[in-house]
Structures are given as C-alpha cells and as structure tokens.
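In what follows, a single structure is set out as structure tokens and then discussed.
The values are calculated or read from the model by the stated rules, or taken from the named source; none is laboratory data. A quick note: this is a predicted structure, and the numbers were derived from the prediction, not measured. Cβ: placed from backbone, ideal geometry, glycine included. Neighbour counts: every protein chain shown.
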Amino acid sequence: MSWLNEEPQLRKALAAATGLIAGTVLALTGPASPAAHAASSTLGAAAADSGRYFGTAVPAGKLGNSTYSTILDREFNMITPENEMKWDTIEPSRGNFNFGPADQIVNHAIAHGQRMRGHTTVWYQQLPSWVSSIRDANTLRSVMNNHITTEMNHYKGKIYAWDVVNEAFADNGSGQQRSSVFHDVLGNGFIEEAFRTARAADPAAKLCYNDYNIENWTDAKTQGVYNMVKDFKARGVPIDCVGFQSHFGAGGPPASFQTTLSNFAALGVDVQITELDIAQASSTAYGNTVRACMNVARCTGITVWGIRDSDSWRSGDNPLLFDNNGNKKPAYDASLSALGGGGTGNPGGGIVSGQVYSLSDVAAGRVLDVPGGQTANGTTVQIWDANGTAANQQWRASQNSDGSYTLTNIASGRVLDEPGGQTGNGTRLTIWDANGGANQHWRASQNSDGSYTLINVASGRALEIPSGQTGNGAPVQIWDSNGGANQHWNFK
Ligand code: G3I
C-alpha cells in the first residue's frame, strides 16, 4: 500500500481575583484556576488532559531495547501491536493459535498502565495461504468467525478497541470494496458478519473499521466507507469507531481532514487517528493533524505508527516524532503543543477568561490595533505603538468550550476574525461581529519567553506580523506557525 497519497510568565496563578479591572496589570497570586494547571510535558499526559490517548505501534521484538522502552513508557498510553495480532502470527495454520508475541506486548501494557488497540482480526494482507485459498463460503465463514472469536476471547477485557476489519475498500475510485478472499467468497456482507461476531465475542471492546486514504472527504473511498458506516448505524449493525490510518505525504493531512472526522463522528461513532506518519515530519503537518483531532469532540485519540524514524515501516521518509537516537524532533513539540501541553507554563492557562489585555508583538514591540475610529465589520487590524489603555488596542479574551479564546476589541465590540473560508498563508485579519465560528477562535500556547502563540482554529495558522515589517501600520495576518518572534504575542 502507499500513503499517497505575558509579559513574562503571564500571571499564571490567576486567582479568584474578582473585581479585576479591565486593562490593568496585576500581580496575581492565589489558587490556580481550573484552566491554569501546569502544562503536561508528555504526549500521553497532554492527550489525557482532554480525555484522549496518544499511542504508538509496538513490535514485541523492541520491548527489550531500553532506549526504545524508556520513550514508550514515558510518552505513550495506548499501544497497537505492529504485526503480532495479525492472522499470520495468531493462527498460522487452521486451529493452531499462537498468542505468545502479542501476549508479550499486552503484558507490557498492563504492567505500565497503557491501554491496547487490537490490530487486526480480518485483513486481506498478512493472511496465511491456508485462508486465502479457501473457496467454499461456509468453510470461510466458519474460519473467519472462529478466528475472530478465539482471538477476541483470548484478549477479552484487555483491549480498548479492535480493528475488526482492516482496509476492505478499494483504491480505484469506485467507492466499492476491494477484491479479497473475504469479499470474493462471502460477498459485501462479510464486514457486517465480522462486526456481529466481534460484538458477541467481547461486548465491552469498541469495534472499529480501519483504513487508509479515507482522510480526504470527497474521495470515493472515503464516501464508500462513510456510506457503509451510515448503513450500519441505520440498521443496528454494531460499530463504534472508525480508524483513519493517516499515512501522509509531506504535505500532511488534506485540508478537509477535520471535516471528514466531524462528518463520521456525526454518524454516532468515535473517530481515531490510528497509524499516523508523515513524510519528512514537518511541524506544520503534524500540528495540523493533531489539531484536527483536538477540534472534533469524538476524536478520542491518536496513534503514531512507530516511535523513532528507524522504527518506521517507511523509515526512508523520516516520518516519526523521534530521530534514530530517540531525540524529540520539532514535530514532537508541535504535536505536544497542539495537544495543549509543553512550553514552560500552561498553554492558554495564564490568560484569564473575561480579562482585557493589550497584545504586544514581540518582534515589533507594537500592539494589535484597530485603526482609530474605524469600528465596522471588515476593518483590517494592524500594529501600532501602545497608547495607554486606548480602547481600540484593548481586547477581551473569552475562553470557549474547546479551550480556545475569542478576542473582542473593546472600541468596536467586534472580534478578531480570519475572514470566512480564507485560511491561506498571508490572509489579513479583520474585526467582525462575533458568531462563534472557528475562524474567530484562537488557541493560545505559551512560549518559553512567556509570550503566546495564537493559532486560528479554522486555518491552523498563527497570528503574525509579516517578517521584518515592524513599523506602525504594519499588517497582521496568519501564517504557518514557525516559532518566530513575529508570531509571539505578550498579553499585558
Ligand atoms: O519477521 C520477518 C522476518 O523474519 C523476515 O526475515 C523478513 C523478510 O522480509 O520479514 C519479516 O516480517 C516483516 C514484518 O513486517 C516484521 O518486520 C514482513 O516481511 C513485513 O511485510 C511486515 O511489514 C508490516 C506490514 O504492515 C505488513 O503489511 C509492517 O511491519 C507494518 O508496519 C505494516 O503495518 C501496516 C498496518 O498493519 C496496516 N496499515 C498499513 C501499515 C503499513 O503498511
């Protein structure tokens, strides 16, 4: 297969300081607000802060490598066996079950408080020839159901979610199932039969359909899987989740990825990113992928397909979060930040909802400004010398239910807005009536200098002034987050 396709330390312990006066600078002490707990410093812990997990694929053979297992047990709270639960290992000949390698992984997970994804009971690859050569439907049905039942019974109570059926849809643009022994001998109904058998075997496990190249909403393959899940839900066929493998090229996820996740979730299933790796592992691509999941309530977790680049099935692409020596790569920081972790403080946690601030760009030393007297919808914002507490330079930060902030300009009563549908690098920002749109929601991550990076939820891009343009009147736009001082904003 292919993958084709604050001012410093912004008053963190912000108190129950009721009666704070808008725009004042306060030295705050006292009990931390719920939003102001310390930022989590590992992928698993940061994901857990929003009720999600962060997992990786693990081959049993690497558990004994201490560099490997140290990272595994520090960063990850969900494990998928990379190959050990596949048919060729589990049932190499009819009725002979070999659980040893997968048991090693499950035992490791139990000992380290990690959960397990089961991968996978029915897949046309890594399938022994004694199965793929069966031509009789009754025999194959019995063999498939016995395989599912025996494997799931063995791990009953130890698996969070099973990939019951893996990669059953074709890549040919038909939106139909691919040819496989299961499809060809049993017909389209084999998937339904597998899910019904799985539910009976372990009623407590979540049952997922897992596939690749179903991340772009308009693709025929995506639509084919969507229609199957819709039909299953309508007819009461047991299915709880859809896994999006997410083996991406260097550009990362398609622009519609979050839409795809939302649309599937709206059918009444959880969605999960199950095998993430991205050619060259750019920070932007990883950040965008993680944010797409964070922005969908029913996206319950993310699994990367390996730990170090050298562990990857596509190691030539350097597609993972750790280098060959086990060092964190920039994409690690971007992922951690997108999960709401990292930095020296709590991302967004130092900003008090309801408080009024001026936002000063670190590169320019000038503040976010709506030109004096211009208060209409569509007015473009700029930077200008801070002018005391002038209302056109004052912004109320109100936290939204997704953890992001809406920034309301005090003079105009309108909010900082990325014009609807305009998500490209260089898009200029305006003020507009608040409407609750993702284009008006900004995620705040605190940087090591105490400033914040503000990421627009719709575009996934950072609030910035164009590099080198620091004078009065310089425009304010969005761009891929790159850690530059022009993308760092002090809340004062
Ligand atoms: O263990 C044998 C070894 O003894 C033998 O000498 C060697 C010869 O090639 O093969 C070794 O087995 C390999 C196995 O990985 C373990 O390393 C297989 O050849 C190789 O085909 C197998 O590749 C796995 C692949 O699935 C099989 O299709 C990859 O590790 C695994 O990362 C990959 O994972 C899949 C997911 O399950 C489903 N989605 C796509 C994803 C990437 O292809």
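Brief remarks follow.
- Residue in the stretch 195-212 that is nearest to the ligand (Cβ to nearest atom), counting only those that are part of a loop (DSSP other than H, G, I, E, B) and not charged (D, E, K, R): TYR212
- Options ASP309, ASP333, ASP317; residue that is charged (D, E, K, R), within 16 Å of the ligand (Cβ to nearest atom) and under 20 Å from the mean Cα position of the chain (by Cα): ASP309
- Answer from ALA111, ALA137 - the residue that is more than 16 Å from the ligand (Cβ to nearest atom), under 31 Å from the mean Cα position of the chain (by Cα), more than 16 Å from ASP88 (Cα to Cα) and of a type in the set (A, V, I, L, M): ALA111
- All positions within the stretch 223-256 that are within 16 Å of the ligand (Cβ to nearest atom) and more than 26 Å from LEU321 (Cβ to Cβ): VAL225
- Identity of the residue in the stretch 262-288, among the hydroxyl-bearing types (Ser, Thr, Tyr) and farther than 14 Å from THR300 by Cβ, that ends up surrounded by the most Cβ atoms within 10 Å (Cβ to Cβ): TYR286
- Condition met for ILE134 (assigned to a loop (DSSP other than H, G, I, E, B) and β-branched (Val, Ile, Thr)): yes
- Filter result for VAL58 (within 15 Å of the ligand (Cβ to nearest atom), modelled with pLDDT of 95 or more and assigned by TED's automatic domain parsing to the domain that holds ARG314): yes
- Residue match in the stretch 64-74 (condition: among the basic types (Lys, Arg) and within 11 Å of the ligand (Cβ to nearest atom)): no
- Top-ranked residue in the stretch 75-90 [being in a loop (DSSP other than H, G, I, E, B) and more than 14 Å from the ligand (Cβ to nearest atom); ranked as surrounded by the most Cβ atoms within 10 Å (Cβ to Cβ)]: PHE76
- Residue, farthest from GLN272 (Cα to Cα), within the stretch 229-242, restricted to residues that are touching a helix residue (DSSP H, G or I) at 6+ places or on another chain (Cβ under 8 Å) and buried (at least 22 other Cβ atoms within 10 Å of the Cβ): ILE239
- THR197 meets each of the listed conditions (1) buried (at least 20 other Cβ atoms within 10 Å of the Cβ); (2) closer than 24 Å to TYR53 by Cβ apart from (2).
- Only one of the numbered conditions (1) farther than 18 Å from GLY306 by Cβ; (2) more than 13 Å from the ligand (Cβ to nearest atom); (3) outside any helix (DSSP H, G or I) is not met by ASP171, and that is (2).
- Only listed residue being assigned to a loop (DSSP other than H, G, I, E, B), surrounded by fewer than 22 Cβ atoms within 10 Å (Cβ to Cβ) and modelled with pLDDT of 95 or more, chosen from THR218, THR259: THR218
Yes/no per residue for (1) surrounded by fewer than 16 Cβ atoms within 10 Å (Cβ to Cβ); (2) closer than 19 Å to PHE97 by Cα:
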{"residue": "GLU151", "(1), (2)": "no, yes"}
{"residue": "TYR160", "(1), (2)": "no, no"}
{"residue": "VAL164", "(1), (2)": "no, yes"}
{"residue": "PHE169", "(1), (2)": "no, no"}
{"residue": "ASN188", "(1), (2)": "yes, no"}
{"residue": "GLU193", "(1), (2)": "no, no"}
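- Hey, GLY118 out of contact with any His (no Cβ under 6 Å at 6 or more places or on another chain) and either assigned to a helix (DSSP H, G or I) or more than 16 Å from the ligand (Cβ to nearest atom) (or both) or not: no
- Residues satisfying the stated conditions in the stretch 91-127, i.e. surrounded by fewer than 23 Cβ atoms within 10 Å (Cβ to Cβ), touching a Ser or Thr at 6+ places or on another chain (Cβ under 6 Å) and of a type in the set (D, E, K, R): none
- Residue match in the stretch 421-438 (condition: under 26 Å from ASP49 (Cβ atoms), surrounded by 15 or more Cβ atoms within 10 Å (Cβ to Cβ), outside the structural domain of ALA334 (by TED's automatic domain parsing) and not aromatic (Phe, Trp, Tyr)): yes
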